[in-house]
Amino acid sequence: MQHYTMNLTLKVWRQKNANDSGHFETYPVKDISSEMSFLEMIDVLNEQLIKDGKEPIAFDHDCREGICGMCSMYINGRPHGPWQHNTTCQLHMRAYNDGDTIVVEPWRANAFPVIKDLMVDRSAFDRIIQAGGYISVNTGNAVDANATPIEKDKADDAFAAAACIGCGACVAACKNSSAMLFVGAKVSHLALLPQGSPERKNRALNMVAQMDKEGFGACTNTGACEAVCPKGISIENIARLNREYMMAGLSDDK
Amino acid sequence: MLDSKIPSGTLDQKWTSYKGHCKLVNPANKRKLEVIVVGTGLAGASAAASLGELGYQVKAFCFQDSPRRAHSIAAQGGINAAKNYQNDGDSVYRLFYDTIKGGDYRAREANVHRLAEVSVNIIDQCVAQGVPFAREYGGLLNNRSFGGTQVKRTFYAAGQTGQQLLIGAYQALERQVALGNVTMHTRHEMLDVVVIDGKARGIICRNLVTGELERHFGHAVLLCTGGYGNVFYLSTNAMGSNVTAAWKAHKKGAYFANPCFTQIHPTCIPVSGDHQSKLTLMSESLRNDGRIWVPAKAGDKRPANDIPEEERDYFLERRYPAFGNLVPRDVASRAAKERCDAGYGVGTTGQAVYLDFKYNLINKYGKAEANKQGIQHPDTDTLIRLGKEVVKEEYGNLFDMYEKITGENPYEVPMRIYPAVHYTMGGLWVDYELMTSVKGLYALGEANFSDHGANRLGASALMQGLADGYFVIPYTIGNYLADEIATKPIPTDHPAFIEAEQQAADRINKLISINGTKTVESFHKRLGKIMWDQCGMARSEKGLTKAIEEIRQLKKEFWSDVKIPGSVNEMNPELDKAGRVADFIELGELMCIDALDRNESCGGHFREESQTEEGEALRDDQQYAYVAAWAYQSENNWQLNKEPLTFEVAKPSQRSYK
């Protein structure tokens, strides 16, 4: 793999706190290696800003291996940048060329208010999980793990849905700021497994109710969520959520 | 004076006997007792959820924006359990024995046996929660093998086992939040433990969004705050992983045990340049299917695929024929370093070895799949194609991650890997009940020292985190809290709370007022280099003595020349980082002091002065079969307390994987 260095222009959203109206600032960055990750490029810029006596850019990040779901940058109009099935932290600078201009914004959604610069508050997702995104089993209640065989295909589908990292890219990409892919993934993960079956009706109803309460928009099946999801969560999960929700709504016993 | 409170009785009866005799708290009294849980990874989330279910009032804290972000999420390969579903000879005793031996006889027998016993319950619990482990076509759970063992006992969910287990524990935690049994405080960092009359009674923490300091009372405090691998700057830990909570507890009287026991993981993506902010692990489970090699000729710069079979040196298979590529992590790491130091390393830096999947793609997976599909006499291309499909299912996410980081396709060319800091076996000293040397202050998961000795076997960290949280602390905390039912909640205007908050505020104000010339990051990098060079894969008296001096100097410089932008009463990630790095610097000194004291090679600790003629690690049971529990006295001054290790069942022998 050939490596190269580049000079770039960054336009970054700066917002002091939740009450500030915010604005873009333009920064030149020099001698960026194609081997750096996108966040390492931001690290370089931040070190420079600190040395110049300015405030570094605040952004969420933690594992930097694409699994914790904390990083959340809206890069040139796309959550997590140009690569498919990718998080911001795993985006590498070989995606860019010398002279490029890159615009970096936070997730934009009413349900995800900005805390500072590129950081947003995604606690709405935790509250949706609290509404029913679990199986009610206390520690110590369990039977032997092999007592309930589960068809491999179903288990694989449940795993594919459970791979959601809760980053919120789906919401950020959606023109309606809908959280249907996030909720659909959790409802699917648990509905596909026999363990999740007893609570499936209430789970679908309560999670959707909480989603609406948090101010996420409705789904219009545009598919932008699936296109940007770093874990490739399929839009089929939204269809399954709709089925689960409808069946729950139509039945007497919950 | 170090009482590990090991129950009497035979090893396999200790835990049963403890559970049968420990004190209980009745349900009405549980509701009056408040428990603080710091950290929400596998240990913290499982403890908070389980204690909430029991009826305690739990307050949980994490520095991330959600408990689901904790770094347990990044664990890839799997979780061990002595289920023996594969009928290949596994048992509780085998898991216990492998863990003690893998830890090079520096762990406590009773704790490890308990861990092996509850391992089977963990798998049951996780499956009941809906954790989607890998399954066979018959619908039953699948297993894979891992380094340091000869049975298949590892349960997994592709290369995302930690994620799935953490999501399970997180969901159980959120359920308790919804029920009102747990109050969750996200974006909060613990800055001190409040100790009143010799007992932990609360914490001081900083709200990372507003910058405000807060006081929280608890009848007991649980630290589930993970490991301190980031003392090396570059490690596989998350950027935010830090030692601050454990370090503050240490300075308030909790002993720090075996701080120098660090795990250097053999299979990580090599460093690419100075900009590197962290390292990424490639799961050890890949060693099941990948063969590790370097060119047989030093300095051979040909592309990997151009080097013919007979000019390759599969050095692990050569040196350790019995375990081959599945030797424990410490052995594999040192062997890779040895080859690279001798000039056989590959890649631009020469600090890498190959991990090659081609052989098993063809011979293991390709042939099995061809058989299944009834393809007679398949050619190599067909075998590779079929093999790729299976490998994709097993490790797809890891291969994708490797390609994103390096730009190379590991299905086509061998991965380049090199050892990196991954896990810290050392941590806060705890007794059998997981209580530190401060009453009412507990440490769970990677934050404590107890189960992995000098080297942790693969797929054991997840097991320990969940064992402590789901199945140990719910019993042992009752034994303490049963005597606390008459203790009323202490108001947080108690002088001890005021004093602890004042100290935290003073330190923050001091940091921000230095206004020097160097960034926090630059100090962290320098500390990391000292630690990696002198307290990393190989240590010597000379190097460690030098490192201690350098760290003391670095500390002076930090406290006189660090530059932190912004102010105190706002969100200020640089300020948070400065506090963490200041604590890492102090810990780094203690790690080197501990490494200097231990003049033996054991597990992850390789002392150059203590090796066999063949260059293998030489343990010294006569002098060093103890846990080194350090008590903080004053700046640069610690007192060593030794907890002797006795082995009644697993008699120490020199480890051999040959």
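The values are calculated or read from the model by the stated rules, or taken from the named source; none is laboratory data. Keep in mind that this is a model prediction, so the values were computed, not measured. Every residue, glycine as well, gets a Cβ built from its backbone with ideal geometry; the counts of neighbours run over all protein chains shown.
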Out of B:Tyr418, B:Tyr480, B:Tyr395, which single residue is of a type in the set (Phe, Trp, Tyr) and part of a strand (DSSP E or B)?
B:Tyr418
Which residue pairs have Cβ atoms closer than 9 Å, lie 6 or more positions apart in sequence or on different chains, and pair a first residue in region A:209-228 that is loosely packed, with under 14 Cβ neighbours inside 10 Å with a second residue that is of a type in the set (Asp, Glu)?
A:Ala218/A:Asp212
Select from region B:55-95 the residues that are surrounded by 24 or more Cβ atoms within 10 Å (Cβ to Cβ), more than 9 Å from chain A (Cβ to nearest Cβ) and assigned to a helix (DSSP H, G or I) and list them in ascending order.
B:Ser72, B:Leu95
Can you find a residue in region B:510-527 that is over 26 Å from A:Gln48 (Cα atoms) and either out of contact with any helix residue (DSSP H, G or I) (no Cβ under 9 Å at 6 or more places or on another chain) or free of Cβ contacts under 8 Å to residues at least 12 places away in the same chain (or both)?
no
(1) within 30 Å of B:Ile204 (Cα to Cα); (2) more than 14 Å from every other protein chain (Cβ to nearest Cβ); (3) touching a residue at least 12 places away in the same chain (Cβ under 8 Å): which one isn't true of B:Asn26, the others all being true?
(3)
Name the one entry in B:Gly103, B:Gly44, B:Gly52 that is more than 13 Å from chain A (Cβ to nearest Cβ), crowded, with 24+ Cβ neighbours inside 10 Å and within 24 Å of B:Gln164 (Cα to Cα).
B:Gly44
Look at A:Phe38 and say whether it is surrounded by 17 or more Cβ atoms within 10 Å (Cβ to Cβ), over 20 Å from B:Asp400 (Cα atoms) and of a type in the set (Phe, Trp, Tyr).
no
Using the structure shown, decide if B:Phe315 is more than 15 Å from the chain's Cα centre (by Cα) and away from every other protein chain (no Cβ under 14 Å).
yes
Going through B:Leu24, B:Leu51 one at a time, which residue ends up being modelled with pLDDT of 95 or more, within 22 Å of B:Asn111 (Cα to Cα) and within 24 Å of the chain's Cα centre (by Cα)?
B:Leu51
Just need a number here: residues in region B:241-268 that are out of contact with any helix residue (DSSP H, G or I) (no Cβ under 8 Å at 6 or more places or on another chain) and either free of Cβ contacts under 8 Å to residues at least 60 places away in the same chain or within 14 Å of another protein chain (Cβ to nearest Cβ) (or both).
1
Residues in region A:174-184: is at least one within 29 Å of B:Arg135 (Cβ to Cβ), of a type in the set (A, V, I, L, M), within 12 Å of chain B (Cβ to nearest Cβ) and surrounded by 21 or more Cβ atoms within 10 Å (Cβ to Cβ)?
no
Sort through A:Gln84, A:Gln2 and tell me the only one that's assigned to a loop (DSSP other than H, G, I, E, B), more than 26 Å from A:Met211 (Cα to Cα) and either at pLDDT below 95 or in contact with a Phe, Trp or Tyr (Cβ under 7 Å, 6 or more places away or on another chain) (or both).
A:Gln2
Which residue is surrounded by the most Cβ atoms within 10 Å (Cβ to Cβ), if the candidates are limited to region A:153-173 and must be charged (D, E, K, R) and touching a residue at least 12 places away in the same chain (Cβ under 8 Å)?
A:Asp157
Which one of B:Val472, B:Val438 is within 30 Å of B:Thr244 (Cα to Cα), touching a residue at least 40 places away in the same chain (Cβ under 8 Å) and within 12 Å of chain A (Cβ to nearest Cβ)?
B:Val472
Select from region B:142-196 the residues that are among the charged types (D, E, K, R), within 9 Å of another protein chain (Cβ to nearest Cβ) and under 22 Å from B:Val131 (Cα atoms) and write down the one among them that is surrounded by the fewest Cβ atoms within 10 Å (Cβ to Cβ).
B:Arg175
Taking region A:65-98 and keeping residues over 21 Å from A:Ile233 (Cβ atoms) and within 9 Å of chain B (Cβ to nearest Cβ) leaves A:His92, A:Arg94
Mind listing just one residue for me: the one in region A:50-64 that is more than 8 Å from chain B (Cβ to nearest Cβ) and buried (at least 18 other Cβ atoms within 10 Å of the Cβ) and, of those, farthest from the chain's Cα centre (by Cα)?
A:Ile57
Meets criteria (free of Cβ contacts under 8 Å to residues at least 40 places away in the same chain, hydroxyl-bearing (Ser, Thr, Tyr) and not in a helix (DSSP H, G or I)) for A:Thr139:
yes
